[in-house]
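Engineer: Below is the structure I would like to discuss, written out as structure tokens.
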Amino acid sequence: MSVSYPNQYRNYCIFEIEKRKSLAEIKNSLENPKSEDEVLEDLYTLNLMLDEGVANEKVASLYPVLSKYNNTKSPNVQTFLAGIYRKIKVPDAFGPLLSMLIKNSINPPQNCNFDPNEEIGGAILDYLA
């Protein structure tokens, strides 16, 4: 596994994933992550699964584990989490999305080459639509 973080020329992560994990493996990994890279890989994989047609309900069942990251200050984790919440629309995630947006507005992420509030705000708008 390798993550190339956003930089001044690119506002997104690039992943080199060796093998795809199952939902059970992702759940276990998110419960006991070894690094932020691992968390990002898991969230990226969940996002891909949703794009490829895995039922929203299956990913939504991981909300108790995903919610562990609702208070993260990592703009990368916030962005992926908001993207997943935007797709699965778990009602319990609406408040944490608002909280992320407010906290980021008060204390904007430092040394960040993108604005995570774009994805967070988009997720909030999708909830309201």
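Engineer: For Rg and Dmax of the Cα atoms in Å, the listed values are (i) 23.9, 78; (ii) 15.5, 52; (iii) 13.9, 39; which was obtained by calculation from the structure presented?
Structural biologist: Looking at Rg and Dmax of the Cα atoms in Å for this model, the match is (iii).
Engineer: With an 8 Å Cα cut-off and a minimum separation of 6 or more residues, compute the relative contact order for segment 59-124 in percent.
Structural biologist: Once divided by the residue count of segment 59-124, the mean separation gives 42 percent.
Engineer: Which ³J(HN,Hα) values, rounded to whole Hz and listed in residue order, are derived for segment 4-19 from phi using the Karplus coefficients 6.51, -1.76 and 1.60 in 6.51 cos²θ - 1.76 cosθ + 1.60 with θ = phi - 60°, glycine and proline given as x?
Structural biologist: 9, 6, x, 9, 5, 9, 9, 9, 8, 8, 10, 10, 10, 9, 6, 8
Engineer: Tell me the relative contact order for the chain as a rounded percent, counting alpha carbon contacts under 8 Å between residues six or more apart.
Structural biologist: Relative contact order for the chain comes out at 24 percent.
Engineer: Keeping the other protein chains in place, figure out the carbon and sulfur percent of the accessible area of segment 5-61, with a 1.4 Å probe.
Structural biologist: Carbon with sulfur: 47 percent of the solvent-accessible area.
Engineer: With θ set to phi - 60° and the Karplus curve 6.51 cos²θ - 1.76 cosθ + 1.60, what are the ³J(HN,Hα) couplings of segment 102-119 in order, to the nearest whole Hz, using x for Gly and Pro?
Structural biologist: 5, 4, 5, 6, 6, 10, x, x, 9, 6, 10, 8, 7, 10, x, 5, 5, 6
Engineer: Further, regarding this structure: Using helices alone, what [θ] at 222 nm do you get for the chain, with -39,500 (n - 2.57) per DSSP H run of 4 or more residues, divided over all residues and rounded to the nearest 500?
Structural biologist: It lands at -17000 deg cm²/dmol.
Engineer: Taking all protein chains as present, what is the carbon and sulfur share of the accessible area of segment 84-125, in % to the nearest whole number, probe 1.4 Å?
Structural biologist: Ligands and nucleic acids excluded, carbon and sulfur reach 54 percent.
Engineer: While we're looking at this one, here's another question. Compute the accessible area per residue over segment 7-103, keeping the other protein chains in place, probe 1.4 Å, unit Å².
Structural biologist: Spelled out: the 1.4 Å probe surface of segment 7-103, per residue, equals 54 Å².
Engineer: Ok, one more. With unit charges on the beta carbon (Lys/Arg positive, Asp/Glu negative), name the residue among PRO96, LEU50, GLY122 whose Cα is farthest towards the positive pole of the charge dipole of the chain.
Structural biologist: Of the listed residues, the answer is PRO96.
The values are calculated or read from the model by the stated rules, or taken from the named source; none is laboratory data. What you see is a predicted model; the values in this text were computed from it and never measured. Quick reminder, even Gly has a Cβ in these numbers, built from the backbone with ideal geometry, and neighbours come from all protein chains shown. Side chains included, ligands, DNA and RNA excluded: accessible areas come from the protein's heavy atoms. Shrake-Rupley method; radii C 1.70, N 1.55, O 1.52, S 1.80 Å.
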